[in-house]
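Below is one structure, written out as C-alpha cells; the observations come after it.
The values are calculated or read from the model by the stated rules, or taken from the named source; none is laboratory data. No experiment lies behind these values; they were computed from the predicted model shown. Every residue, glycine among them, receives a Cβ derived from its backbone with ideal geometry; neighbour counts consider all protein chains shown.
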Amino acid sequence: MREFRKYKVAVIQLNSQDNEEMNLQKIQSGIEEASKKGARLAVLPETVNYIGENMKEHKEKIPGVLTEFFAGLALKHRMYIHCGSIMEENDMNRPYNTSLLFCPDGDIIGKYRKLHLFDIDMADGPSVHESHQFTGGDEIAVLHSAIGTLGFAVCYDIRFPEMFRLMSSHGANIFLICANFTKQTGQAHWEALLRARAIENTCYVIACGQTGEKEAYTAYGNSMIIDPWGDVIARADEKEQVLMGEIDQDLVDSVRIQMPSLKNSRTDVYEIAGKPVKVYR
C-alpha cells in the first residue's frame, strides 16, 4: 500500500436542510470542487444528507443507496471521502449517527458510530435529549490507512479528551471530526476544544461543521484544520465553502520529538479504562 505522507485535504462546510435531494447536489458539487483543487481527502459535516423534523425517517442501510452515492463519488474522483455522518438504520427505533470513510476504490474502509449523546435538562432553559433520537455506539474506531492513522469523532465527542487519548495511544495521528455545533456553544468552545485535542495528542485535527440557519438554532460553521502544534492552518467563516489545507505526517513526527507528551504519559500510575478500540487495517 502506497503511503501518502503529504497531501491536500478539503473540508466541505455545508448548510444541510430538510431537502435531501438538494443536500446531495451540494455534496456532489463540493466533492467536484475539492477534486479540481487536488484534494486526496474530503471531509463533510454531521448528518450531512438531512437535517429536519423527521430525522428518524431518513435513516439508511449500510451498505445502501446513500453509501452507493458516496462510493461512486470516491471512485469517480479517486479520492478518500469522509462522509461526515449519516443516520444508520438498526433494529431499534433510534438510528445510529454513523461516520464512514470511503477509499478511492469506493469501498468503506472505516466506520464509527457516535458514542456521546447530548442529553440535558435545565431548570430555566431548554431540555435536549439526543438519546431520544439516536442510539449511541459502543466502540472507539481507529483506521490505519495510506493517508495516516485516523481517529473518528462526531460533534459532542470532542468534549471527552479520554476518547482522543485512547485513539492516539493506538497510533492515531489525524482526527477526523464532523459536527453540528450551535452558534452559542461554537463561539465559546469550538476552537478551544479542537486545539486542545490537537495539542494534547500532537495530532492533526480536521473538523467540518454544519453552518447556517436550522429550524431551531443557528449552526456555527467555522470548520478548521489544526496542525499537531495547535496552530489553526485553515479556517472557514459561516458561509458554505470548500476549505483547503495540507497534511504533512512528517510534521507530526517532528512535533512529537519536540513535545513528547504521549511518550511521557504515566500509564504506570493511571490508565484510561474502556472497551478495546476497533482498529481497521
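With respect to (1) closer than 21 Å to I174 by Cβ; (2) outside any strand (DSSP E or B), the lone exception for V142 is condition (2). Can you find a residue that is of a type outside the set (D, E, K, R), in contact (Cβ under 8 Å) with a residue 60 or more places away in the chain and assigned to a strand (DSSP E or B) anywhere in segment 117-136? Within segment 117-136 (the criterion being of a type outside the set (D, E, K, R), in contact (Cβ under 8 Å) with a residue 60 or more places away in the chain and assigned to a strand (DSSP E or B)), the answer is no, since none of the residues qualifies.
Restricting attention to segment 83-115, the residues that are more than 20 Å from S35 (Cβ to Cβ) and more than 13 Å from the chain's Cα centre (by Cα) add up to 10.
With the condition kept exactly as written, say whether any residue in segment 28-36 is out of contact with any Leu (no Cβ under 8 Å at 6 or more places or on another chain), among the aliphatic types (A, V, I, L, M) and either free of Cβ contacts under 8 Å to residues at least 40 places away in the same chain or within 26 Å of I174 (Cβ to Cβ) (or both).
Step one: filter segment 28-36 for residues out of contact with any Leu (no Cβ under 8 Å at 6 or more places or on another chain), giving 29, 32-36.
So of that shortlist, the ones also among the aliphatic types (A, V, I, L, M) come out as 34.
Applying the additional criterion that residues be either free of Cβ contacts under 8 Å to residues at least 40 places away in the same chain or within 26 Å of I174 (Cβ to Cβ) (or both) yields 34.
Yes.
Just to be sure, is D237 of a type in the set (D, E), touching a strand residue (DSSP E or B) at 6+ places or on another chain (Cβ under 9 Å) and assigned to a helix (DSSP H, G or I)? No; evaluated as a whole, the condition is false for this residue. Checked against (1) surrounded by 16 or more Cβ atoms within 10 Å (Cβ to Cβ); (2) on the phi > 0 side of the Ramachandran plot, G171 passes all but condition (1).
Per the conditions (1) surrounded by 15 or more Cβ atoms within 10 Å (Cβ to Cβ); (2) within 29 Å of N54 (Cβ to Cβ); (3) not hydroxyl-bearing (S, T, Y), the sole criterion not satisfied by A196 is (2).
Residues of segment 192-234 that are over 30 Å from N264 (Cβ atoms) and not in a loop (DSSP other than H, G, I, E, B): C208, G209, T211, G212, E213, T218, A219, Y220.
State all residues of segment 61-108 that are charged (D, E, K, R), modelled with pLDDT of 95 or more and surrounded by fewer than 20 Cβ atoms within 10 Å (Cβ to Cβ); if no residue qualifies, say none.
At the first step, the residues of segment 61-108 found to be charged (D, E, K, R) are 61, 68, 76, 78, 88-89, 91, 94, 105, 107.
Then keep just the ones that are modelled with pLDDT of 95 or more; that gives 61, 68, 76, 78, 88-89, 105, 107.
Listed by number, the residues that qualify are K61, E68, K76, R78, E89, D105, D107.
Filtering segment 1-54 to residues that are buried (at least 22 other Cβ atoms within 10 Å of the Cβ) and part of a strand (DSSP E or B) leaves V9, A10, V11, I12, Q13, A39, L41, A42, V43. Scan segment 74-82 and tell me whether some residue there is under 15 Å from the mean Cα position of the chain (by Cα), under 30 Å from E33 (Cα atoms) and among the basic types (K, R). So far as segment 74-82 goes, no, none of its residues is under 15 Å from the mean Cα position of the chain (by Cα), under 30 Å from E33 (Cα atoms) and among the basic types (K, R). For segment 214-231, check the following and say yes or no: at least one residue is surrounded by fewer than 21 Cβ atoms within 10 Å (Cβ to Cβ), of a type in the set (A, V, I, L, M, F, W, C), under 17 Å from K6 (Cα atoms) and modelled with pLDDT of 95 or more. Looking for residues that are surrounded by fewer than 21 Cβ atoms within 10 Å (Cβ to Cβ), of a type in the set (A, V, I, L, M, F, W, C), under 17 Å from K6 (Cα atoms) and modelled with pLDDT of 95 or more, one finds at least one in segment 214-231, hence yes.
Being without any contact (Cβ under 8 Å) to a residue 12 or more places away in the chain, farther than 30 Å from H144 by Cβ and among the aliphatic types (A, V, I, L, M) is a description that does not apply to M55.
With at pLDDT below 95, closer than 21 Å to Q210 by Cβ and acidic (D, E) as the only criterion, which of E46, E53, E21, E33 stands out? Talk me through it step by step, then tell me what you get.
Details: E46 fails: at pLDDT below 95; E21 fails: at pLDDT below 95; E33 fails: at pLDDT below 95.
After ruling out the rest, the residue left standing is E53.
Go over the candidates S131, S169 one by one and state the one that is in contact with a Leu (Cβ under 8 Å, 6 or more places away or on another chain), modelled with pLDDT under 95 and within 23 Å of M259 (Cα to Cα). Please lay out each step first, then the result.
Working: S131 fails: within 23 Å of M259 (Cα to Cα).
Checking each option against the conditions leaves just S169.
If you check Y280, Y217, Y270 for being of a type in the set (S, T, Y) and touching a Ser or Thr at 6+ places or on another chain (Cβ under 7 Å), only one passes: Y217.
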